[in-house]
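The values are calculated or read from the model by the stated rules, or taken from the named source; none is laboratory data. Nothing here was measured: the structure is a model prediction, and the numbers come from that model. A quick note on method: Cβ atoms are made from the backbone with ideal geometry, for glycine too, and the neighbour counts reach across all protein chains shown. These accessible areas exclude ligands, DNA and RNA; they are computed on the full protein's heavy atoms, side chains included. Shrake-Rupley method; radii C 1.70, N 1.55, O 1.52, S 1.80 Å.
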Amino acid sequence: MRIITDERCAEYSCDGHPEGPVRIIDTVARLKSQTELPLTFDAPSQVTDAQILRAHAPELLARLQIPQDFDADTPFYHNIGTFARASAAAALDALEEARAGKHVFSLMRPPGHHATREHAMGFCYLNNIAIAALEAVATGAKRVAVFDFDVHHGNGTESILVDQPGVAFFSVHQHPAYPGTGEANTGKNCFNHVVAPLATRETYRATLARALADLNNFSPDVVAVSAGFDAYARDPLAEGSLLAEDFQWLGQSLRSLNVPMFSLLEGGYSSDLPELIFAYLKGVAGK
Ligand SMILES: [Zn+2]
């Protein structure tokens, strides 16, 4: 399995912000120290403006150069445009790898699923998964499914993909929770499955299973996964109930769809994040 990651992920930070370099640094260390899975590590290639602009307004690309915070959660960082583009490029590399029949995980920051067509928000600057989904459609995919298991609703992904031909969005998330959207289905192709705060693990798993069954009924030819690990029971930012073995089960379940698939890191703020990602990768690898 290929891991797409980049040392530049550690080159920007803001004191006290939960979305920090340690998420990637510790996960890379964990994955490099294990021997159960054969993994290769590669840096991302490039993304063009044209690829980004399928998902975003030109104003957002311009805004990434202006040194002002985007909102209270989403600081401006020196060179954030470069870092965001690297994360989007990794998503495109992951798509390509999936199409070549390989398993792949993009271990990058910043995450993307809250970024809308026009705005960076919620720790996200460019919507990596939407950029990759629209690239897939533009290059021949007929039915692209985006599966988002981050505990927060992928409002940005939904707003970009709603009623786009050839794409469907399936999200499982806590509600109420940030960003407050995702209570009901939207458009013809965005399917939201909500879990109440502090719902039991059994309820959370059953909801994930229903969303996966919906996704399977869509008969996708590519599955793009927004892999957030903040539905974990000990995550500091939400009230989920999942354990490491549930993320392994998610990996197994997605693998067993038998469709080219790729996964991108979204949230996950517990110090156990490396173990959760490793569990997911084991599942994806068929263990
Ligand atoms: Zn999240």
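Taking every DSSP beta bridge with both residues inside segment 105-214, roughly what % is antiparallel (nearest 5)?
If I count the DSSP bridges inside segment 105-214, around 15 percent turn out antiparallel.
Just the Cα atoms of the chain: what Rg and Dmax do they give in Å?
When restricted to Cα atoms, the chain yields Rg and Dmax of 16.8, 46 Å.
Extension gain Arg201-Ile25, at 0.36 nm per residue separation less the Cα-Cα distance, in nm?
Value of the extension gain: 60.5 nm.
Round to a whole angstrom and tell me the spacing of the C-alpha centers of segment 208-287 and segment 102-163.
15 Å
In nanometres, what is the gap between the two model label sites at Lys142 and Lys287, each 7 Å from Cα along Cα-to-Cβ?
Each label point is offset 7 Å from its Cα along the Cβ direction, giving 3.7 nm.
What is segment 167-287 by shape, rounded, prolate or oblate, if you read a ≥ b ≥ c off the alpha carbon gyration tensor as root eigenvalues and call it rounded for a/c under 1.5, prolate for a/b larger than b/c, and oblate otherwise?
Note, shape of segment 167-287 comes out oblate.
Relative contact order for segment 188-285: what is it in percent, counting Cα pairs under 8 Å that are at least 6 residues apart?
The normalised contact order for segment 188-285 reaches 31 percent.
Sort His113, His193, His78, His119 by accessible area with a 1.4 Å probe, largest first.
His78, His119, His193, His113
Among DSSP beta bridges whose residues both lie in the chain, state the antiparallel percentage, nearest 5.
Given both bridge residues lie in the chain, the antiparallel proportion sits at roughly 10 percent.
Kirkwood hydrodynamic radius, computed over distinct alpha-carbon pairs, for segment 10-153: how many Å, to one decimal?
16.0 Å
Pull up the cross-link candidates among the lysines for Lys188, meaning alpha carbon to alpha carbon under 25 Å and not fewer than 8 places away within one chain.
Correct list for Lys188: Lys142.
Under a 1.4 angstrom probe, counting protein chains only, how are Arg85, Arg143 ranked by accessible area, largest first?
Ranked list, largest accessible area first: Arg143, Arg85.
First compute the accessible area of the chain with a 1.4 Å probe, then give the percent of it belonging to carbon and sulfur atoms.
50 percent
How large is the helix-only mean residue ellipticity at 222 nm for the chain, computed as the sum of -39500 (n - 2.57) over DSSP H runs with n ≥ 4, divided by its residue count, in deg cm²/dmol to the nearest 500?
-11000 deg cm²/dmol
When the convex hull of the C-alpha atoms of segment 1-61 is computed, what volume per residue in Å³ does it have?
130 Å³
Given a cut-off of under 8 Å on Cα pairs at least six residues apart, what relative contact order in percent is computed for segment 149-224?
The value is 28 percent.
Could you sort Cys190, Cys14 by accessible area so the largest value comes first, with the probe set to 1.4 Å?
The most accessible residue leads, giving Cys14, Cys190.
How would segment 129-178 be classified by its alpha-carbon gyration tensor: rounded, prolate or oblate, with rounded meaning a/c under 1.5 and the a/b versus b/c comparison settling the rest?
prolate
Report the semi-axes of the equivalent ellipsoid for segment 74-134 in whole Å, largest first, where each axis is √(5λ) for an eigenvalue λ of the Cα gyration tensor.
Result for segment 74-134: semi-axes of 22, 12, 8 Å.
Among the aspartates and glutamates, which have Cα under 15 Å from the Cα of Lys287 when same-chain residues fewer than 8 positions away are ignored?
Of all the aspartates and glutamates, those that pass the test against Lys287 - Cα under 15 Å, at least 8 places apart if same chain - are Glu36, Glu245, Asp246, Glu275.
Counting other Cβ atoms within 10 Å, which GluC sites (Glu not before Pro) in segment 1-95 have at most 10 and lie in a DSSP loop?
Loop-located and lightly packed - Glu36.
Determine the per residue accessible area of segment 147-226 with all protein chains present and a 1.4 angstrom probe, expressed in square angstrom.
38 Å²
If the cut-off is 26 Å between C-alpha atoms, which lysines fall inside it for Lys282, apart from same-chain ones fewer than 8 positions away?
Within the straight-line limit of under 26 Å, Lys282 reaches these lysines: Lys32, Lys102.
Run the numbers on segment 1-121 and let me know its relative contact order in percent, using alpha-carbon pairs under 8 Å that are six or more apart.
38 percent
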